[in-house]
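Visitor: Here it is: the structure, laid out below.
Readers should treat all values here as calculations from the given coordinates under stated rules, not as data from a laboratory. Note that the coordinates shown come from a computational prediction; the quantities given were computed from them, not determined experimentally. Using ideal geometry, Cβ is built from the backbone for each residue, glycine included, and neighbour counts are taken over all protein chains shown.
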Amino acid sequence: MIGKIQEDFAVLNSNRDLERNGFGQKRGEKIYLHPVEALYLQLKGRAKFAELKDLIDWVQKKVDSFPAIYFVYEDLRNRGNRVKIGGKLLFTNKAFLPISENEVISFEKIRSLLSEFGELILSVVDEECEVTYYSIKEPEMRGEQIEELPKVKGVFLKDRILTENLEIFEKYFYGSRVGKYVALSILEGFYLFERGVLEVENSEEMMRIAKEDEFQRRFFVYRDLKQRNFVVKTGFKFGSDFRVYRKVESADELPHSEFLVSVVEDEITVRDLSRSVRLANSVRKKLVFAWNGKYFLFEWVKV
């Protein structure tokens, strides 16, 4: 089929096969194609609109997210999907956001798209033009831990608190057992102190640290997760800020922690995202990013 380029569209004579497979928009006896659709059809040998270089130059001028959007479009089509294009997104029965592995992801943009579509498939194009898909959604972050905490006395030791109260560890899984004592992290200690549960000797240094920006950034999320009835522990070994349990009845019989939670700034590189998801998958956990009071669950998916 021979077509032609007209300003923002490529045009072909009406064709039942193209209509049946969801290409373009029919207007009278013509089908008007998005530039990405036109390039796809020409590269597949099903139509010709111009010399390849001229066609690619036109597509690049008209499509901001080219070439990532093209490779995702092609991959989805090759998997048998009918695909529609809307701005920088692709649509099957879900919304897909194409992006290059060298780009950064804006969490404000993710928030905005999730508020519109409910779920989003981040579609990452690597240097070999292969596509990896990540489902993004806002999970229902709610634990089942009910705490009736005992009063605790402790001594501040530079970046943690030492207490003789073993129950706080054995029953509620705060801190780590150190001989006949329990060592609380400064996050745990300050949370208990704020709740009026912990009395600390030499608390001045703890209060100074608690005012630092980095501490406040992490503590805001720690406290929120605790208020959602989770058990929250360090996620350092897993490359995250926290690992999260829905419920712990005994430190001797720990269940599997379900989530890894990372506290993030406004943006993250796609490469860092990929590493984090892969690590979470390798230890059978779900990766959640905490940003600005919101939680975003990222999972690798097949499409």
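Visitor: Compute for segment 1-63: radius of gyration divided by Kirkwood radius, i.e. Rg/Rh, restricted to C-alpha atoms, rounded to two decimals.
Guide: Numbers: Rg = 10.6 Å, Rh = 11.4 Å.
Rg/Rh for segment 1-63 comes to 0.93.
Visitor: Let me ask another. Please report the base-10 log of the normalised intensity I(q)/I(0) for the chain, using a Debye sum with one equal scatterer per alpha carbon and no solvent, at each q in 0.06, 0.08, 0.15, 0.16 (1/Å).
Guide: Cα-only, vacuum Debye calculation for the chain: -0.32, -0.50, -1.10, -1.20.
Visitor: Another question about this same structure. Of the trypsin sites (Lys or Arg not before Pro) in segment 10-48, which ones lie in a loop per DSSP and count no more than 15 other C-beta atoms within 10 Å?
Guide: Sites meeting the loop and neighbour criteria: 44, 46.
Visitor: What number do you get for segment 69-182 when its Cα radius of gyration is normalised by 2.2 N^0.38 Å, N = residues?
Guide: 1.80
Visitor: Of the GluC sites (Glu not before Pro) in segment 1-102, which ones lie in a loop per DSSP and count no more than 14 other C-beta atoms within 10 Å?
Guide: Filter output for segment 1-102: 7, 29, 51.
Visitor: Just to confirm my numbers, what's the Cα centroid distance between segment 50-71 and segment 233-300 in Å?
Guide: 38 Å
Visitor: How far is the Cα center of segment 21-46 from the Cα center of segment 78-96, in Å?
Guide: Comparing the Cα centres of segment 21-46 and segment 78-96, I get a distance of 14 Å.
Visitor: So, one more: Looking at the square roots a ≥ b ≥ c of the eigenvalues of the Cα gyration tensor of segment 152-295, which shape do they give, rounded for a/c under 1.5, prolate if a/b is larger than b/c, or oblate? Working shown, then result.
Guide: Numbers: a/c = 2.19, a/b = 1.41, b/c = 1.55.
Oblate is the answer for segment 152-295, as a/c is 1.5 or above yet b/c matches or exceeds a/b.
Visitor: Ignoring everything except DSSP H segments at least 4 long, calculate the 222 nm mean residue ellipticity for the chain; use -39,500 (n - 2.57) per segment, divide by total residues, nearest 500.
Guide: Value at 222 nm, helices only, nearest 500: -9000 deg cm²/dmol.
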